[in-house]
Amino acid sequence: MIYNPKSLRAEEFISHEEILATLEYAQEHKNDRELILSILEKGEQMQGITHREAAVLVTVEDPELTERMFHLARRIKEHIYGNRIVMFAPLYLSNYCINGCVYCPYHAKNKTIRRKKLSQEEIRQEVIALQDMGHKRLALETGEDPKNNPIEYVLESIKTIYGIKHKNGAIRRVNVNIAATTVENYRRLHDAGIGTYILFQETYHKENYERLHPTGPKKDYAYHTEAMDRAMQGGIDDVGLGVLFGLNNYAYDLVGLLMHAEHLDQTYGVGPHTISVPRLCPADDIDTKDFENCLPDSIFHKIVAAIRIAVPYTGMIISTRESKASREKALELGVSQISGGSRTSVGGYVHEESAEENSSQFDVSDRRTLDEIVGWLLDLGYVPSFCTACYREGRTGDRFMSLAKRGQIVNCCAPNALITLKEYLQDYASEPTKAKGVEMIRREIAKVPNPAIRERAERFLLEIEQGARDFRF
Ligand code: SAM
């Protein structure tokens, strides 16, 4: 199959032969100091590196060169994203699923998991619980089941969520992580006002993909891999990619992931809005020991750094699948968005499940509350941000990228982060978190370079103290 990044056919834009040739090239050059330094030098320009170059970096074993790579990833992260970390929570609507994914406890044959689908009233209760924690941004999750979870159910749920006004709470951005669907359905999701459409590829290796997805609609590799093209054709220009690390050789999937990003960039003029880096976790009838490709933290963090260097303007997301320690390292190396206070069970925010009830998708590693996560981020010197301004101002797709590339993040994202953090502190934070946050805002607001924007932001902060809400640049 000929490799063609602009093709609309999965097997041409994700070429197996090109990936194998890339991995061979990376093995041959993993000790080629001169080449590695030249790739790092190219990375310094913050315009990205190719999948081949990233493959070399992730294959490097020399500790000194690995440290240089980490150093560059940290610099890119700081330059482009500053110290802001965007917060979100997943909301599981239904775990009915007709697929046979061998790594996911939702698989159709699992008779031990409790199946559950939220009614619109239950969604209301879940969302109120999430609003009372302080969340403004959600990622909707469902299994794939056209009878139990048809697109109409997802659309109705989005409408319900956007419509809930409870005290000062509001969900201002709903991202959606549901199975690959048609252009028509993507158009309907777009018209319903979703933020990012997220779909994990799981693995880019076709043969292993088919083995891991033996039954159900998801087994169609091409249909799944071409989903983002259909989403773009349906008008969604913020799409989120991801690989479930642990299912396949990690270097193969890293290269596939970056080829996918290159394909979107070259075909639609805009790369992925986000990349998620989930790792396989134990779950109901899933034992990670059955998966020989599970990776240690050291390699996982190399992957995070390589992605940061390869696609500097793509946000990177990490969930509570990762432990506190692993998240801390990943934040340093490139992650810009994290979930907090997450429950992966259906209805889990209102009612915490006992082990017997079990409807959850995987075992969460980071079990801290959102307030604990916010306090922890502040201690580490980050600004937890509840900002959703870009999407609400229509700055999606290439419009967001152009803002980022013009270096306007400091005059736009930074004050927006502080304003939304202020709302969080006023409405939801514990006293110790509030004290740390107030101090952070005082320090950070002084750094906004444009004086007119700084003054406006200071005025907004005061008005928030007096009860006003929802300001943005
Ligand atoms: N059902 C949708 C689909 O077909 O893409 C997506 C929703 S699913 C709730 C979200 C993601 O959870 C999956 O894409 C998969 O990568 C991840 N996942 C499944 N089983 C997992 C496990 N045991 N550990 C960690 N993540 C898992």
For this session: Considering only the range 50-83, state which residues are among the charged types (D, E, K, R) and either buried (at least 23 other Cβ atoms within 10 Å of the Cβ) or assigned to a helix (DSSP H, G or I) (or both).
Result: R52, E53, E64, E67, R68, R74, R75, K77, E78
Exercise. Yes or no: Y103 within 30 Å of T288 (Cα to Cα), in contact with a strand residue (DSSP E or B) (Cβ under 8 Å, 6 or more places away or on another chain), within 16 Å of the ligand (Cβ to nearest atom) and outside any strand (DSSP E or B)?
Worked result: yes
Exercise. Just one of Q125, Q131, Q120, Q45 is farther than 30 Å from P415 by Cα and free of Cβ contacts under 8 Å to residues at least 60 places away in the same chain; which is it?
Worked result: Q120
Exercise. Across the range 262-295, what is the number of residues that are buried (at least 21 other Cβ atoms within 10 Å of the Cβ), more than 16 Å from the ligand (Cβ to nearest atom) and not in a loop (DSSP other than H, G, I, E, B)?
Worked result: 2
Problem set entry | Boolean, L138 is under 25 Å from S430 (Cα atoms), within 14 Å of the ligand (Cβ to nearest atom) and in the same structural domain as P282 (by TED's automatic domain parsing) | yes
Seminar exercise, completed: Looking across the range 141-191 at residues that are under 18 Å from the mean Cα position of the chain (by Cα), assigned to a loop (DSSP other than H, G, I, E, B) and more than 16 Å from the ligand (Cβ to nearest atom), the single one that is surrounded by the most Cβ atoms within 10 Å (Cβ to Cβ) is I171
Exercise. Do we find a residue being among the small types (G, A, S) and at pLDDT below 95 anywhere in the range 362-374?
Worked result: yes
Exercise. Tell me, which helices (runs of 4 or more DSSP H) lie completely within the range 404-473 with 2 or more residues that are at pLDDT 95 or above and out of contact with any helix residue (DSSP H, G or I) (no Cβ under 9 Å at 6 or more places or on another chain)?
Worked result: 431-445, 451-465
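The values are calculated or read from the model by the stated rules, or taken from the named source; none is laboratory data. Treat the numbers as computed from the prediction; the structure is a model and nothing was measured. Virtual Cβ from ideal backbone geometry, glycine too; neighbours counted across all protein chains shown.
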